[in-house]
1. Is the shape of region 160-211 rounded, prolate or oblate, going by the alpha carbon gyration tensor and its root eigenvalues a ≥ b ≥ c, with a/c under 1.5 for rounded and a/b larger than b/c for prolate?
2. Any of LYS108/LYS153; LYS214/LYS340; LYS344/LYS456; LYS344/LYS441; LYS153/LYS344 with alpha carbons more than 18 Å apart? Name them for me.
3. Which of the peptides 276-285, 257-266 is most tightly packed, and how do the rest follow, judged by the mean count of other Cβ atoms within 10 Å per residue?
4. Kindly rank 289-301, 456-468, 356-368, 99-111 from highest to lowest mean number of other beta carbons found within 10 Å of each residue.
5. Relative contact order, percent, of region 337-432 when contacts are C-alpha pairs under 8 Å separated by at least 6 residues?
6. Just want to confirm a number: the relative contact order over region 241-380, from Cα pairs under 8 angstrom separated by 6+ residues, in percent.
7. Please give the per residue accessible area of region 105-226, computed with a probe of 1.4 Å over protein heavy atoms only, in Å².
8. Please get the size of the charge dipole for region 149-258, origin at its Cα centre, with Cβ charges of +1 on Lys and Arg and -1 on Asp and Glu, quoted in debye to the nearest 20.
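The values are calculated or read from the model by the stated rules, or taken from the named source; none is laboratory data. Since this is a predicted model, take the numbers as computed values, not measurements. Glycine also receives a Cβ, built like all others from the backbone with ideal geometry; neighbour counts cover every protein chain displayed. For accessibility, only protein heavy atoms count, side chains too; no ligands or nucleic acids. Shrake-Rupley method; radii C 1.70, N 1.55, O 1.52, S 1.80 Å.
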Amino acid sequence: MTCSRAQRPFVAFLAHAACATLVLSAALASPAHAQSSTELAHRQNPAGRAQAALPRDVLQTLQKAQVPPSALSVLIAPLPHGNTSSSTQPRHLSHHAQASVNPASVMKLFTTYAGLSLLGPDHVWRNRVYTDGPVRDGVLQGNLVVRGSGDPKLVVERLQALMAQVRAAGVHEVRGDIVLDRSVFDVRERSEPFDDEPLRPYNVGPDGLLLNFKAMVYTFTPDAASGQVLVRFQPPLAGFSAPTQLPMDQGPCSDWRRQLQADFSQAQQVRFAGRYPVSCGEREWPVAYPEPEAYAPRVMQALWQQAGGQLTGQVRYGTRPASAKLLLEAPSLPLSEIIKDINKFSNNVMAQQLYLTLSSALGAPGRFEASRLRLSQWWRQGFVGHDEPVLDNGSGLSRTERSTAQALTALLQAAHASPHARHFVDSLAIAGVDGTAARLKDRSPQSPVIGNAWLKTGSLRDVASVAGYVQGQSGQRYTLVAVLHHPNAHQARAALDQLLEWTVRDTVSPPPAQHRDRPQHGSLRSSR
């Protein structure tokens, strides 16, 4: 059976699904370490040990926030071969560890570790530029085709470098169109945003040719000399306009975005009717472009002209014709670097780009359904006996994604024992130092967790979560997974910090039991 792409949409979907299944059965590479790691997890059986008590301060925090202990799922377990310098028994804590919950962005751990295992840390996305016509004296008599690869981080600086490469390769003028080919993925823009904040960058959808995250970044800089606030924006867009100056406000730096009175209703003409507080200093405001389909053509036209290139036609979407010849290839950053942005800074669209690449890497256009199939088979082969996670788009920005603390612990333990352990751990935010875990230092400046935990955090309207590795004061290293799932989850977030601190302080004997886990009856309520 051949996997032709020149078929009608519905027939093509069926054909590609069948092709993906055949390729999967032949090409799926489960990690070599998986079986031994799974056996190790079973021997340890952290969820099956005698249940430890929830720490007293955790219970007090939950009670204060009016969150029942049943809304908290926790599994804390020691990693094997820890260099323990104390005779104290390692920490163990299992509480509703088999409950199926939505852990929000912690789901990115499945996507990033599957990416390392199936694609390898050195995997790169190869963006290619083609000419469809002869080039004479710097003039292309035909179309210039830019074919996207699903590159998760094709940002403005790399786009500028790409335009310079095209000119260095001998093309200065295009007497035709610039054609943007994004057919490496088969996805559509969402008809509705995930929530009621459509211009938040986390709502940007994936794209085979994702340029600069489909976002504008506005920079506001008070200028004492002029008595005005200077406004800059990136990247340049063809036909776009925005104010370059704003009046200053001498008030406190509180809700400065609201004070700007921004109007984004006209995508090509942004307005700021308010003032900017000088006390805020310089600030940046990233905003998703209101017309995502028009973003890439407008950016590409502006950057080509900025580079000194000329264009007689238009910039439009299309596909590379068979007659087009390769002009140049521009590889992305390696996967080992990409996952740092995904996990440390919880970049949703980059996670979705990687998730779709799990299926596009097999030859057919990347689809969410095909990526779910590939990750499912990878999990079943490598994590026998553990509940399979439920994935939607691989980013955690979903109301349907699910996992258990036990399954996440199995993943963390397998990753730590794998050849990719260094890359995986390096992708996590260091508590109190960087990424989404940096704020722990603001909440608790003297916390012993600072610098001693490597974490992925998660947050939805009724979810607060954390998962990763913790270094105990005894020298023992642990895996920790904790998920709060309740309307008051964010009021109880301090309980997650307290669990981290309890794990770090593993040379201190725990207090008498205050609450013990009970047999699990069903899963926690689903997200709304």
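1. Note, shape of region 160-211 comes out prolate.
2. Violating the 18 Å Cα-Cα cut-off are LYS214/LYS340.
3. Ranking the peptides 276-285, 257-266 by packing returns 276-285, 257-266.
4. 99-111, 456-468, 356-368, 289-301
5. Taking the mean separation of contacting Cα pairs over the length of region 337-432, I get 30 percent.
6. Value for region 241-380: 13 percent.
7. For region 105-226, the per-residue accessible area is 37 Å².
8. I would put it at about 280 debye.
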